[in-house]
Amino acid sequence: MKTVREKPIIVIRRPKRGHGGHHGGAWKVAFADFMTAMMALFLVLWLVSQSSDVRAAIAGYFQDPMGRAHEFGNSVFKGDGAQAALRRQITQRDLVDARRDRLSQLGEEIERSLPETLGDAGLASHVVVELVDEGLRISLVEDSADVFFASGSARPLPVTERLLAALGKTLATVSYPIAVEGHTDAQPFLSQGGTYTNWELSADRANAARRLLVNGGLPDPRLSGVRGLGDRQPRVADPFAPQNRRVTILLQLPAPPDDSGPLAP
């Protein structure tokens, strides 16, 4: 009779090896999120410190990164056809148009704020904001009554001080050069002794406006010139009309380019 031997049962125990907390990958995700947030913060801080021209160009890029929105027409399948291979470059003319658009927006902002700044809705009609070839012109126009300056004087009235202080603060937010000019009508103005004429009066009013703009926050280096033009550039046909007495503030655009080639790198 044979004896049956039982086979021994072999149990293999393998220790489980775990990773310590510091070996995990969760911290990497959190660190990546932190770095992304910091990069976005630095980008925003850089962007708000740039001029309005740079911000307008960046906004235009994100609205149409490839500059090809006008090439697709009404096609449902964008990019289809030979035109998809074209690529539009930003030109000097595009930059000038962007600057004019920014000035137009600024002019609208100024017009909306006038009733509150002046404290009298009727006076707002004496402030003419217009987009001209040279840039954005803001005119403080007199009439038969004294609106902004005392009669025959360069002394600004209180409403003028409030208006130009507010304009100085607003114009400080853009980077365009600014010229201030004074104008009179053709009515001869002679002081006792004949030494103070319309030339001196127009120049003194322009200079008074300059001081108020600077006091309001406009950086002095932004001023490109202060001039008194007397009655040489009337606003209306009648040279004796009181509307020709005015002070103008011109935000100057750069001269338009001679060509429309792409921007230099």
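The values are calculated or read from the model by the stated rules, or taken from the named source; none is laboratory data. Bear in mind the structure is a predicted one, so any value in this text is a computation, not a measurement. All Cβ positions, even for glycine, are placed from backbone atoms using ideal geometry, and neighbour counts span all protein chains on display.
Computed quantities for the displayed model
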| read-out | value |
| --- | --- |
| Qualifying positions in segment 95-143 - basic (Lys, Arg), assigned to a helix (DSSP H, G or I) and either in contact with a Lys or Arg (Cβ under 7 Å, 6 or more places away or on another chain) or closer than 19 Å to Ala172 by Cβ (or both) | Arg99, Arg102, Arg112 |
| Selection status of Thr117, among the hydroxyl-bearing types (Ser, Thr, Tyr) and surrounded by 14 or more Cβ atoms within 10 Å (Cβ to Cβ) | yes |
| Candidates Asp185, Asp146 - the one that is surrounded by 18 or more Cβ atoms within 10 Å (Cβ to Cβ), part of a loop (DSSP other than H, G, I, E, B) and of a type in the set (D, E, K, R) | Asp185 |
| Selection from segment 127-168 of residues that are of a type in the set (S, T, N, Q) and either in contact with a Pro (Cβ under 6 Å, 6 or more places away or on another chain) or within 17 Å of Phe189 (Cβ to Cβ) (or both) | Ser144, Ser151, Ser153 |
| Selection count, segment 213-231, where residues are part of a helix (DSSP H, G or I) and surrounded by fewer than 19 Cβ atoms within 10 Å (Cβ to Cβ) | 5 |
| Qualifying residue in segment 156-164 (condition: outside any loop (DSSP other than H, G, I, E, B), among the basic types (Lys, Arg), in contact (Cβ under 8 Å) with a residue 40 or more places away in the chain and over 26 Å from Ala56 (Cα atoms)) | yes |
| Search result, residues across segment 88-146 that are touching a strand residue (DSSP E or B) at 6+ places or on another chain (Cβ under 7 Å), polar (S, T, N, Q) and within 15 Å of Leu251 (Cβ to Cβ) | Ser104, Ser139 |
| Unmet requirement for Phe77, which otherwise passes all of (1) at pLDDT below 80; (2) surrounded by 10 or more Cβ atoms within 10 Å (Cβ to Cβ); (3) not in a helix (DSSP H, G or I) | (2) |
| Test result for Thr195, farther than 30 Å from Arg55 by Cα, surrounded by fewer than 16 Cβ atoms within 10 Å (Cβ to Cβ) and either at pLDDT below 95 or in contact with a Cys (Cβ under 8 Å, 6 or more places away or on another chain) (or both) | yes |
| Residues of segment 153-172 classified as surrounded by 12 or more Cβ atoms within 10 Å (Cβ to Cβ) and out of contact with any strand residue (DSSP E or B) (no Cβ under 9 Å at 6 or more places or on another chain), total | 10 |
